[in-house]
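The values are calculated or read from the model by the stated rules, or taken from the named source; none is laboratory data. Here the structure is a predicted model, which means the values were calculated and not measured. Cβ placement follows ideal geometry from the backbone for every residue including glycine, while neighbour counts extend to all protein chains displayed.
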Amino acid sequence: MAKVDKVNHKVKEYLEDVGYKKWSRVHSTVNRGRIMTSNIAECINGCLVEARQLSILEFLEEVVPSYEFIFSVYEAGRKYIVCLERKKCTCGRFQLDEIHCAHAITVLKDKNVTNMHPYCSDYYKPHTLAKTYEVPMIPMPDKEDWLVPSNVVDETVWPPRYKRLAG
């Protein structure tokens, strides 16, 4: 707390007023994660106990559970956080494409999940593809047979105005 006091005395007073149990993981009455130590070296050693037995390739893709549905995936020196419940990953592909990314697949394989279908959008499932063909497709007539109103035919459409940026 002496270091905090040097930076800002008001912050130190505030933290002491709210109590250590509100902001310090070490003094918390609830388990806020699997790491409960104030020594960073102990913390790192605790995380790496199982990972030390892995080959270098396996070590680079180590999966570390944070909570029931949240996992950290370490790949080639980068950390990705995967939330299976919300179908999100910090790489962005899981939520953007609505299909499991490599990090989500790593987590699911680590959890021995063989059916990965619940973790991707219905758009990619066979029953949805079959539904797209339920509605009959009416082909367009030949361009010569189109009935286009004269006000549309007479209108000239120009490309949008483009202002070139400097540089």
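Would segment 50-66 turn up any residue that is farther than 19 Å from ASN112 by Cβ, polar (S, T, N, Q) and at pLDDT below 85? For segment 50-66, residues farther than 19 Å from ASN112 by Cβ, polar (S, T, N, Q) and at pLDDT below 85: present. Only a single item in (1) modelled with pLDDT of 80 or more; (2) out of contact with any Ser or Thr (no Cβ under 9 Å at 6 or more places or on another chain); (3) in a loop (DSSP other than H, G, I, E, B) is not met by GLU13, and it is number (3). Could you list all residues from segment 114-137 that are part of a loop (DSSP other than H, G, I, E, B) and more than 19 Å from the chain's Cα centre (by Cα)? THR114, ASN115, LYS125, TYR133, GLU134, VAL135, PRO136, MET137 - these are the residues of segment 114-137 that are part of a loop (DSSP other than H, G, I, E, B) and more than 19 Å from the chain's Cα centre (by Cα). Residues that are loosely packed, with under 13 Cβ neighbours inside 10 Å and modelled with pLDDT of 85 or more were ranked within segment 68-95; the one that is farthest from SER121 (Cα to Cα) is ARG78.
Conditions (1) out of contact with any Leu (no Cβ under 8 Å at 6 or more places or on another chain); (2) touching a residue at least 60 places away in the same chain (Cβ under 8 Å); (3) basic (Lys, Arg), marked per residue:
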site: HIS103; (1), (2), (3): yes, no, no
site: VAL107; (1), (2), (3): no, no, no
site: VAL113; (1), (2), (3): yes, no, no
site: TYR119; (1), (2), (3): no, no, no
site: THR128; (1), (2), (3): yes, no, no
site: LYS131; (1), (2), (3): yes, no, yes
site: GLU134; (1), (2), (3): yes, no, no
site: MET137; (1), (2), (3): yes, no, no
